[in-house]
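Worksheet: the structure to be examined is printed underneath.
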């Protein structure tokens, strides 16, 4: 039992150990390979890391909840783009354009409604049809992306509002808006998962759906709420990012679902559901962003970054499997 | 190049470098960061990157941080922020999206880092934050195409009666509009008696251009010349004319030479175009950045030369890589 506890402790701490390793590696390698005059561990660089982690990170929190449920959402990248299209395009509508800067909260509200609405659609289909979430959201990924292209063809949708950019780039103590939003979301989802009945129910729903039904959990509505939650968080992420950039390409957000799932899995959430941690997901996101940033810092190209992250993902899953097996053997003895 | 970090432009950065690592600071050396649009997507961009790296390596005073956004706007914005954070001396950006990068460009500008836009410009709202645009001049490409067309008509002795049609790029694209304007403004100056019968968009697409040309061939019995916004569309038009058996009587001119156009010129089916080299593009961007850093008076629109290419002089040029 004690050794199983140790293994578990090691698992939950592994992602942070990995982050420390990355930091050491890039600091040392950066001293030789980088053309930059500032070090990798420079506080400004670390704050930037958090800021750049925010868009994927906010969505990953929702993905953690959905994956603990034993479901998945492949449509987040398309929802991310569609929310941005709605937000930026709505500011050009005559009814909102007349409001000046007061159009901003309305545009944000519309984007949030869009995200939650699309999440609701996903959740209801998963609940009512009983089709596997992977298939449902795979369809949604294609369908929602189709909506993005129908909206404005191949053209980017844009609305540059400097007030909105300033809000998105504002900050307290060097923590910029995206970091603050990310922090608030981490706190919110952590409270949801650890201090509410709904959150605690998420684990049995993913672990053993039949037992959860027998225990009186209304599994269908439970899952629908979580899809609405991930839709909301995706919209929030979209708002945070596109308020600062003011323009969305119809291709934006493609492959986000894969980066996010990678981060969640790196953080130790089981693909089959029933186990996972919000805080470890944050670690997973930071680990990936650190890898992207660090490899860029030492001069590796984009293709190399993808190769390395893919390899690490497989390695981590393999190690996880080994650790799990060992702990089970311990139990048998 | 990339394997060394010993750089410093000013006393302050030299001091910072000296504190951060055992730097053997060289005076007069500059670090230039570049974030490109999408290197792997076509051979123009791949050749551009290689040419940029080669040009930087040839210059002992230049160190580069070469980044590729992979077509992802978010990644490009993150790369801009990284370059600002790394305090490079100048940033060259090939925008993934002419609108979305404006706030990031403003951030660099506010941090006191000069920004040079390369190849395709950002939207006008961002001009205040950019030091210079280095790229091809699409107006000139259009007007030179008009000259090629006119010179050919004069050789054939039909400059007083020729009738032509035009196939433009995607409506709304600045490049498409400029190449068309340049052509339509210049043609009456050199060949006042040539008639432009019609102008329709081919959307940069070969199949679309072929359909447009098929319609033209039905509509007009006498077509002596076709001008298209690039060779890709021009070859589409050529194919339509070959199918109709009328290619022999028509002079085909494009505004940017593609490999398909070059090959068609070699076969004698296509007359001429404008040669735009990714190597020139990359070298011009680097030189513009260096000139800005040297405090020289660089024009805001700093165009590199895109010469005329026809069947007559095509052996002076390599086959385009795109």
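Taking other C-beta atoms within 10 Å as the exposure proxy, A:73, B:89 rank B:89, A:73 from fewest upward.
When the Gaussian network model of chain B links Cα atoms closer than 10 Å, the mean-square fluctuations of B:227, B:303, B:173 top out at B:173. Computed over chain B, relative contact order equals 17 percent, with contacts defined as Cα pairs under 8 Å that lie 6+ residues apart. Just to be sure I understand: with springs between alpha-carbon atoms less than 10 Å apart, which residue in A:205, A:282, A:308 has the highest mean-square fluctuation in the Gaussian network model of chain A? Maximum fluctuation in the GNM of chain A, among the listed residues, is at A:308. If you take the Cα centroid of the range A:19-92 and the Cα centroid of the range A:206-240, the two points sit 23 Å apart. Entry note, chain A: relative contact order of 35 percent, from Cα contacts under 8 Å with a spacing of 6+ residues. Between helix B:174-190 and chain B there is an angle of about 50 degrees, using the helix long axis and the longest principal axis of the Cα atoms.
In the elastic network of chain A, a GNM with C-alpha springs shorter than 10 Å, the most mobile of A:22, A:154, A:169 is A:154. The C-alpha atoms of chain B define a longest principal axis, and helix B:231-243 lies at about 20 degrees to it. Adding -39500 (n - 2.57) for every DSSP H run of four residues or longer, then dividing by how many residues chain A holds, sets the calculated 222 nm ellipticity at -26000 deg cm²/dmol. Ranked by how many other Cβ atoms sit within 10 Å of their own Cβ, fewest first, the residues A:230, B:167 fall in the order B:167, A:230. Helix B:206-219 sits at what angle to the longest principal axis of chain B, using alpha carbons and giving 0 to 90 degrees rounded to 10? Tilt relative to chain B: about 30 degrees.
Here the calculated FRET efficiency for residue B:127 and residue A:132, from their Cβ-Cβ distance with R0 = 51 Å, stands at 0.50, rounded to the nearest 0.05.
Dividing the mean sequence gap of close Cα pairs (under 8 Å, 6+ apart) by how many residues the range B:163-229 holds gives a relative contact order of 54 percent. Averaging Cα coordinates gives a centre for the range B:95-150 and one for the range B:283-322; these two points are 14 Å apart.
Per-residue Cβ neighbour counts within 10 Å put A:242, B:220, B:262 in the sequence B:220, B:262, A:242, beginning with the fewest.
In chain B, the DSSP-assigned H stretches of four residues or longer account for a calculated mean residue ellipticity at 222 nm of -13500 deg cm²/dmol, using -39500 (n - 2.57) per stretch and the full residue count as denominator.
Each reported figure results from applying straightforward, stated rules to the coordinates on display, with no laboratory input. Predicted model, so just to flag it, every value in this text is computed and none were measured. Backbone-built Cβ (ideal geometry, glycine too); neighbour counts: all protein chains shown.
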